[in-house]
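Engineer: Shown below is the structure under consideration.
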Amino acid sequence: MGRLYYLFLIFIFLLLSGCSDPGSQSIRFALASTPISLDPRYATDATSSRINRLLYQRLVDFDGQFKMQPAVANWHKISEKHYRFKLNASRGYFADGKRLSASDVQATYSYILDPDNASPHRGSIQLIDRIVLIDSLTVDFYLKKPDPLFPGYLVIGIVPQQVAVRKQSLNKKPKGSGGFDFIAWPDASRLVLQRKTDKQQIEFVYVHDATVRALKLMRGEVDLLQNDLPRELVHYLGSKKEISLHHLAGNNFTYIGFNVSDPVLNNPTIRKAVAHAINRPALVKYLLGGKTRLANALLVPEHWAGLKNAKAYDYDPELARSLLQSQGYNRNKPLILEYKTSSDPFRIRIATIIQQQLNEVGIKVRLKSFDWGTFYGDIKNGRFQMYSLSWVGIKNPDIFRYVFHSQSIPPQGANRGRYVNQKVDGLIERAETSADVASRSQYYRDLQKQLLHDLPYIPLWYEEHFVASRNNISGYRLAADGNYDGLFMAVKKYR
Amino acid sequence: MRQYGLAVWIIIVWVTISILGPFLATESHTIQLQVILNGPDMHNWFGYDDLGRSVFHRLLAGSLTSCIVAFTVIAISVTFGTILGTISAYLGGVVDLIVVRLIDIFLAFPGILLAIALAGILGPGIDNVVIALSVVGWVGFARLARAQTLSLKHREHVVAARALGTRKRIIILRHLIPLISAPLLIEATFGIAAVIIAEAGLSFLGLGVQAPDASWGSMIRDGARYMLVAPHLVIIPGAALMIVVLSVNLLGDRLRDRLDVKTDNMEQD
Amino acid sequence: MLRLLITRLLSTAVVVLGVVCLVFLLIHLVPGDPVDVMLGENAQMADRQALREALGLNQPIGNQLLTYIGNLFKGDLGQSLHSRTPVSSMLLERIPATVELALVSLLVACLIAFPLGIIAALNRGKAWDKTAMGVSLLGVSVPNFLLGPVLILLFSISLGWLPVSGKDGLASMVLPAITLGTALAAVLSRMVRSTLLEVLHEDYIRTARAKGLSHIRVVIFHALPNAMLPIITLLGLQLGVLLGGAVITETVFSWPGIGKLTIDAIMKRDYPVVQACVLLISITYVVVNVFTDIVYGWIDPRVRLGDRS
């Protein structure tokens, strides 16, 4: 009987030891969504893009002021439609030992430009006419038309020439020259990378549920988590002494989009009424993190093309009501709007509050939430009246053409609201062709002022970023667009 | 009444507040941002949810949802199932064969799997929940009605009626159905409990009521997201659900004991 | 016996065919144009046409059904709309997790139900009986989407003994198995009790008692083995409770099994996957039922040896 007892104890011990593993050497980073593709030619979601920044290198990057800067290549403009890129010393090595060279660059971008490959990034670089290899370090880009923002489009991760030529897929087996080696991706929940400089392993652990993520952090099963937690859980984590919290103001822009071609929402007064009916400060105060800032334009004020001192739409329910009445809506004939969201619980929460706020000025809102695929499809096809989303990681003002130009209605671009304004078109085009930065930024500012007046979008806020880490992690710095580049410097101390 | 005790009182309370619900639960959609996730205290016994809405009011609103769905689904299922089952058993032959196969096919889907799939495919919303649960619910009653009718078919009063040339419809309505009403009533009672749970389950999965309407199931699901900081959001609707379902099941148990139904001859459920 | 076998198999075949037809019909119940609903993100005119053809939706419904059945025989369950991987490989990936959970839950259920049922049968009509059956009633009244979060609240969050969710070692199976198992245990304990009570009225029990054996020995060594037969049959039927309950339990605990796959697919409108999962679960249930029936028929000498009644 004694032996049975010991066996029992061992069994229980084994059972319980399946739990946490605090002694693990790798830095474990919890993710709220699993990366979809580690192939930079195809990845569009934020998580995949952020991880690809660690695995791959790119020609151009953006600095803190959102100005283009060389990443792995320096460029100079030979003429308005001819740019020469020369690879610099920071170019890295692929896993097979070969160093990043110009042929890899040419192969990557040619692959994306080829419509047969159906890369979602093709649209952003389709002004490239041809790519010419000069030597092993130099490559020339010829454009179809001049665009001073051009180098800023070349931010896509570079894949080895062999891969591009042989049309291999890198979705699950990335091959990059970036600061991190790909080690393993056995299942959706675990992705392992290794930092080249010191062989520090980083493990991306996919934990869908926010509560579980927070608990795992508290128990030491993961070391870091970034964003994607309800504010209440963030406070809760902050109160734990083994966890440190850092917040940073972000530049991811959250907005409400209108379908301007809708017969009801075609009326700018109605859109203004909705804007005045939303109590943004209350939403920010109670639902969002401390460093969230109210937004009045797509680009943050500190952007070189950003709008400073814009005139905001204050929370003014009285004004909203009178505007509605001026358009013939009252208690007997209320305005009815349909608000679509994805199934993300946080978005639904925000939408429910907005529904209530609009209700208070007499607008009846029908809230419909859908799974992402259906939601996104509806948005692109114009089957909506209003919706809410965010633009993540916007650096280049080419976003304005993509979103607001009359020729950018999906599938050409992302002008989902079918907004058509010739003045805005003109400002976009003038900005694209102007030679100097000063006049360019002035055009963009005027543009944003006009957009604020017309309200195809109601700007809501710039979300903050936060990172919660265990106390033995140091050196992880947040980035304003929420990327994971902080992992280049993060260090894990052991007891 | 006395022997049923507490269970019946709870059910009466439940049905009453469900009927009165729309008049009492006036604030089930009222958002008060400043009291988000506040727990129960002296003034508000049930606290507030993640949007600052009163849990008490939402509980009442959810009560109405479960009540309506339960009674509607059971009414449909009992009616349809009984008619089909009795007719099938009485007529026999090919009709019976087909119906039995049909019942078997529906019974091949365990639990509420078919209801989940149907609700998922038809789309969210309470009406689709009622449809999905009714499609799944009639089967149990049909089987019971059929089994009961089969055993009653050869009773003397039925044989006599047939000898007298009474029309089939009259035989079924007047001579068969009243006799099988007892086991059907018991099955219906347990059925109500099952539907309450099923509706809550579908809402928990996101297939039932949509935001911002309340259902105990969706309250539990939304509450589970904040379990770390506001456990009352799960415990309170959960307790309500458990108490009501327990009472209905108790009532069913007592009814079964009292009506002394012999189900030995029939297959166990 | 052979005749019984054949009739049973034939009727099962009919049922399976019916299930397949019903599952096939599911996709046609989608309100609106199923292709529009399904494509969502990447819909272009060309894609829509291609998908319609690939799904055979442009064919008359009779042809579609035949194609569907034909594909099933080939093992082709279609392709996931979301990830473009073959559905059959997705299913194979997730089946082990559900099987593990089901088996452990079955174990938990038996560990709870047998003692409970035996105690109730032994003390028929007295306090212990009422208590045991009360506990069983409680088990039926607490759904698994409530029990799950409450267990998490207690054991993961407050006490920190067990993981909250996910499949991560042996400890992570405890709470899901208890949640799923107790639902089954509630029903099972009643069955154990009633079957035992029936057996206890048999003559051979009276003989054993008359021989002077203690009540407990009689129950455990004479009554229980004979009660096992109907109980095992009922267990097979109750597999359905496990399979049906697994869907919600797996969702509560993010357990990567077939149940969670079903719900995820419903949420993503990935109908081919939904169809395949529902088909798999139901067919499994039907097959287990038939199997149990046959085994029972074979083991029980009364059935095996004689249709002479």
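Engineer: Counting only other residues whose beta carbon sits under 11 Å from that of A:PRO160, what net charge do I get with K and R as +1, D and E as -1? Don't jump to the answer; show the numbers that get you there.
Structural biologist: Details: positive: A:LYS98, A:ARG99, A:ARG166, A:LYS175; negative: A:ASP96, A:ASP104.
So the surrounding residues net to +2.
Engineer: Still on this structure, please answer the following. So between C:LYS211 and C:LYS74, what do we pick up on full extension, going 0.36 nm a residue minus the alpha carbon distance?
Structural biologist: Here the answer is 43.2 nm.
Engineer: How far, in nm, would the chain grow between C:ILE220 and C:ASP203 when pulled straight, counting 0.36 nm per residue and subtracting the alpha carbon separation?
Structural biologist: 4.5 nm
Engineer: Measuring from the lowest to the highest alpha carbon on each principal axis, how far does chain C reach, largest first, in angstroms?
Structural biologist: Between the extreme Cα coordinates on each principal axis of chain C lie 83, 60, 30 Å.
Engineer: Counting each pair of different Cα atoms once, what's the Kirkwood radius of segment A:116-260 in Å, rounded to one decimal?
Structural biologist: 20.0 Å
Engineer: Whole angstrom only: what separates the Cα centroid of segment B:67-97 from the Cα centroid of segment A:366-383?
Structural biologist: Their Cα centres are 39 Å away from one another.
Engineer: Hey, which lysines would be in cross-link range of B:LYS168, C-alpha to C-alpha under 30 Å, not counting anything within fewer than 8 residues on its own chain?
Structural biologist: Qualifying lysines at Cα under 30 Å: B:LYS153, B:LYS262.
Engineer: Between C:LEU29 and B:ASN44, with labels modelled 7 Å along Cα→Cβ, what's the label distance in nm to one decimal, could you check?
Structural biologist: For C:LEU29 paired with B:ASN44, the spin-label model returns 3.9 nm.
Engineer: Something else: What's the percent breakdown of Cα-Cα distances in segment A:52-165 across 10 Å bins, shortest bin first?
Structural biologist: Taking all Cα pairs of segment A:52-165, the binned fractions are 14, 51, 32, 3 percent.
Engineer: Still on this model: Using a cut-off of 23 Å between alpha-carbon atoms, which lysines can reach A:LYS364, once sequence neighbours fewer than 8 places away in the same chain are excluded?
Structural biologist: A:LYS272, A:LYS333, A:LYS340
Engineer: Here is a further query. For segment A:144-262: lysine pairs with Cα atoms under 16 Å, gap of 8 or more or different chains, count?
Structural biologist: Taking segment A:144-262 as the scope, the lysine pair count is 4.
Engineer: Continuing with the same structure: Under a Cβ-Cβ cut-off of 15 Å, what is the net charge of the residues other than A:GLN412 that fall near it, where Lys and Arg count +1 and Asp and Glu count -1? Mind showing how you got there, number by number?
Structural biologist: Working: positive: A:ARG122, A:LYS380, A:ARG401, A:ARG416, A:ARG418; negative: A:ASP398, A:ASP425.
Neighbourhood net charge equals +3.
Engineer: Could I ask something else about it? Cα centroids of segment C:107-135 and segment B:118-160: how far apart, whole angstrom?
Structural biologist: Going from one Cα centre to the other spans 31 Å.
Engineer: Give me a single rounded figure for B:205-211: the average over its residues of other chain Cβ atoms within 10 Å of their Cβ.
Structural biologist: 5
Engineer: Let me ask you something else. For segment A:52-165, what % of the accessible area comes from carbon and sulfur atoms, probe 1.4 Å?
Structural biologist: 50 percent
Engineer: Continuing with this model, one more query. Under the √(5λ) rule applied to the eigenvalues of the Cα gyration tensor, what semi-axes describe the equivalent ellipsoid of the protein assembly as shown? Give them in Å, descending.
Structural biologist: 58, 33, 30
Engineer: What does the charge count near A:LEU427 come to, summing +1 for each Lys or Arg and -1 for each Asp or Glu among other residues with Cβ under 15 Å from its Cβ?
Structural biologist: Counting the neighbours of A:LEU427, the net charge comes to 0.
Engineer: Using a Förster distance of 51 angstrom, determine the FRET efficiency expected from the C-beta separation of B:LEU97 and C:ILE95, and round it to 0.05.
Structural biologist: Step by step, r from the Cβ atoms, then E = 0.90.
Engineer: Report the calculated FRET efficiency for A:ALA118 and A:ARG383 (r = Cβ-Cβ distance, R0 = 25 Å), to the nearest 0.05.
Structural biologist: The formula returns an efficiency of 0.60 here.
Engineer: Just B:VAL13, B:VAL73, B:VAL136 to compare: in a GNM of chain B, with alpha carbon springs under 10 Å, which one fluctuates most?
Structural biologist: Looking only at B:VAL13, B:VAL73, B:VAL136, the biggest GNM fluctuation is shown by B:VAL13.
Engineer: Something else about it: Using label points projected 7 Å from each Cα along Cα→Cβ, tell me how many nm separate A:ILE36 and C:LEU9, to one decimal.
Structural biologist: 4.8 nm
Engineer: Which entries of A:LYS81/A:LYS395; A:LYS285/A:LYS423; A:LYS285/A:LYS311 have Cα-Cα distances beyond 28 Å here?
Structural biologist: Result: A:LYS285/A:LYS423 exceed 28 Å.
Engineer: Estimate the FRET efficiency between A:LYS423 and A:ARG366 by the formula 1/(1 + (r/R0)^6), using the beta-carbon distance for r and 30 Å for R0, to the nearest 0.05.
Structural biologist: So, using R0 = 30 Å, E works out to roughly 0.35.
Engineer: May I have the extent of the alpha carbons of segment A:252-463 along their three principal axes, as whole Å values ordered from largest to smallest?
Structural biologist: 54, 36, 36
Engineer: Whole-Hz ³J(HN,Hα) for each residue in segment B:107-124, computed from phi via Karplus 6.51 cos²θ - 1.76 cosθ + 1.60 with θ = phi - 60°, x for glycine and proline: what do you get?
Structural biologist: 6, 6, 8, x, x, 9, 4, 5, 5, 4, 4, 5, 4, x, 7, 5, x, x
Engineer: With a 1.4 Å probe and all protein chains left in place, how much of the accessible area of segment C:96-268 comes from carbon and sulfur atoms, in whole percent?
Structural biologist: 70 percent
Engineer: Considering protein heavy atoms only and a 1.4 Å probe radius, which residues within segment A:278-311 exhibit an accessible-area decrease of no less than 50 Å² in the full assembly relative to the chain by itself?
Structural biologist: Residues of segment A:278-311 that lose at least 50 Å² of accessible area once the other chains are added: A:TYR286.
Engineer: What accessible area, in Å² to the nearest ten, does a 1.4 Å probe give for C:THR7?
Structural biologist: 80 Å²
Engineer: In segment C:189-251, which GluC sites (Glu not before Pro) are in a loop and have at most 15 other Cβ atoms within 10 Å, using DSSP for the loop call?
Structural biologist: C:GLU202
Engineer: I've got another one for you. Of A:VAL222, A:VAL437, A:VAL420, C:VAL108, which has the most accessible area with a 1.4 Å probe, and how do the rest follow in descending order?
Structural biologist: Per-residue accessible area, sorted high to low, gives A:VAL420, A:VAL437, C:VAL108, A:VAL222.
Engineer: Taking the Cα centre of each part, how many Å lie between segment A:118-152 and segment C:226-302?
Structural biologist: Using only Cα atoms to place each centre, the spacing works out to 56 Å.
Engineer: If I model a spin label as a point 7 Å beyond the Cα along the Cα-Cβ vector, how far apart are those points for A:GLU318 and C:TRP161 in nm?
Structural biologist: Placing both labels 7 Å beyond Cα along the Cβ direction yields 6.1 nm.
Engineer: Could you compute Rg(Cα) / (2.2 N^0.38 Å) for segment C:125-255, with N its residue count?
Structural biologist: Details: Rg = 18.5 Å, N = 131, 2.2 N^0.38 = 14.0 Å.
Scaled against compact globular proteins, the figure is 1.32.
Engineer: Collect residues whose amide H, placed 1.01 Å from N in the peptide plane, falls under 5 Å from the amide H of A:TYR339; neighbours closer than 5 in sequence don't count.
Structural biologist: Amide H to amide H, under 5 Å and 5 or more residues apart or across chains, A:TYR339 pairs with A:ARG366, A:LEU367, A:LYS368.
The values are calculated or read from the model by the stated rules, or taken from the named source; none is laboratory data. Remember, predicted model here, so these are calculated numbers, not experimental data. All Cβ positions, even for glycine, are placed from backbone atoms using ideal geometry, and neighbour counts span all protein chains on display. Heavy atoms of the whole protein, side chains included, go into the accessibility calculation; ligands, DNA and RNA do not. Shrake-Rupley method; radii C 1.70, N 1.55, O 1.52, S 1.80 Å.
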